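**Student:** What follows is a single structure, and I will ask about it in a moment.
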Amino acid sequence: MLNEVADGIWVRQSEWVWSNTTVVRGDDGLILVDPGIHGSELDELADDLDRLGIPVVAGFSTHLHWDHLLWHARFGDVPRYAMPASAAAAPAVLERGQQMAAESASGVPLELIGLVTPLPADGGPVPGEIVEHEAHALGHAAVLLADRGLLIAGDMLSDVLIPMLDPRRPGQVEAYETALDRLDAAAGHVDVLVPGHGAVARGPEVAARLAADRAYIGALRRGEEPVDARLGQEWLAGPHRSNVELARQSAG
Ligand SMILES: [Zn+2]
């Protein structure tokens, strides 16, 4: 079930909204990025990790939404990192996250949700370079592994999900523009892109993902209806309407 997408980097996709768990081999062992989603899938992931025979040394959450804050006892009692702003805000969103996990997924170990600690400035055991920005969620982090030609994007640059503006904070259109500039600079070093949800992108598809998110955000900024293949999915009509409304409010 674990698919090796670059040297020492594996991806496992969940049945729930095409969520991707990324497993990164670091100097001392494995780092689990955003493991998820259903309890049975976390259990299968633990089996896959046993087969790799490399210990898990840490977790990393790209942002503080519940589907990126999960864990399973079989991964071990190791530090689970998030950006300092996310780690500071996590206790306040724990209860809501547990509720959403219980409603949306099955068998999730609720007591292990969101137990994150601030990532040290030197990255600790997490290899590569963090690309932090304020789009989608507070202190959202992508992980650039330039030596392995891969970028873990979190909830950006998906082929299935449109950008989803954070309704709790103003200035999200600008935040997305800044985030896409930073991710664009990082993407110059990679051939493989792992989004939080959807298919892994390779080669020219990486630039196409950036272009699609830029086009969507550009249309919101101009008050136009985006031409975007992802909007063919009916269930995204609600999130899209909410984006349009937020963009209109911040423009007004
Ligand atoms: Zn997500």
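Since every read-out is calculated from the coordinates, none of them should be taken as a lab result. These figures come from a predicted structure and were not determined experimentally. Don't worry about glycine lacking a Cβ; one is built from the backbone with ideal geometry, like all the others, and counts go over all protein chains shown.
**Student:** Provide the packing ranking of 45-55, 183-193, 80-90, i.e. peptides ordered by the mean count of other C-beta atoms within 10 Å per residue, highest first. The partial results should precede the final answer.
**Tutor:** Values: 45-55: 14.1, 183-193: 19.0, 80-90: 21.1.
Highest-to-lowest ranking by the protection proxy: 80-90, 183-193, 45-55.
**Student:** Scan the stretch 147-252 for GluC sites (Glu not before Pro) in coil per DSSP, keeping those whose Cβ has at most 13 other Cβ atoms within 10 Å, and list them by number.
**Tutor:** For GluC sites (Glu not before Pro) across the stretch 147-252 that sit outside H, G, I, E and B with at most 13 neighbouring Cβ atoms in 10 Å, the list reads Glu224.
**Student:** What is the magnitude of the charge dipole of the chain about its Cα centre, with +1 placed on the Cβ of each Lys and Arg, -1 on the Cβ of each Asp and Glu, and no other charges, expressed in debye to the nearest 20? Can you show the working numbers first?
**Tutor:** Numbers: 18 positive and 37 negative charges, 108 e Å.
For the chain, the charge dipole is close to 520 debye.
**Student:** Same structure again: Using Cα-Cα distances under 8 Å and only pairs 6 or more residues apart, what relative contact order does the stretch 1-40 have, in percent?
**Tutor:** That works out to 30 percent.
**Student:** Follow-up. What are the residues whose amide H is under 5 Å from the amide H of Val5, where those residues sit 5 or more places off or on another chain and H is modelled from the backbone?
**Tutor:** Trp10, Val11
**Student:** Quick one: grab the alpha carbon gyration tensor of the stretch 1-127, order the square roots of its eigenvalues as a ≥ b ≥ c, and give me rounded if a/c is under 1.5, else prolate or oblate depending on whether a/b is larger than b/c.
**Tutor:** Values: a/c = 1.81, a/b = 1.13, b/c = 1.60.
Verdict is oblate for the stretch 1-127.
**Student:** Mind sorting Ile9, Ile130 by how few other Cβ atoms lie within 10 Å of their own Cβ, fewest first?
**Tutor:** Fewest-to-most ranking of Ile9, Ile130: Ile130, Ile9.
**Student:** Given 0.36 nm per residue, what is the gain on full extension from Ala92 to Glu245 after removing their alpha carbon distance, in nm?
**Tutor:** 52.5 nm
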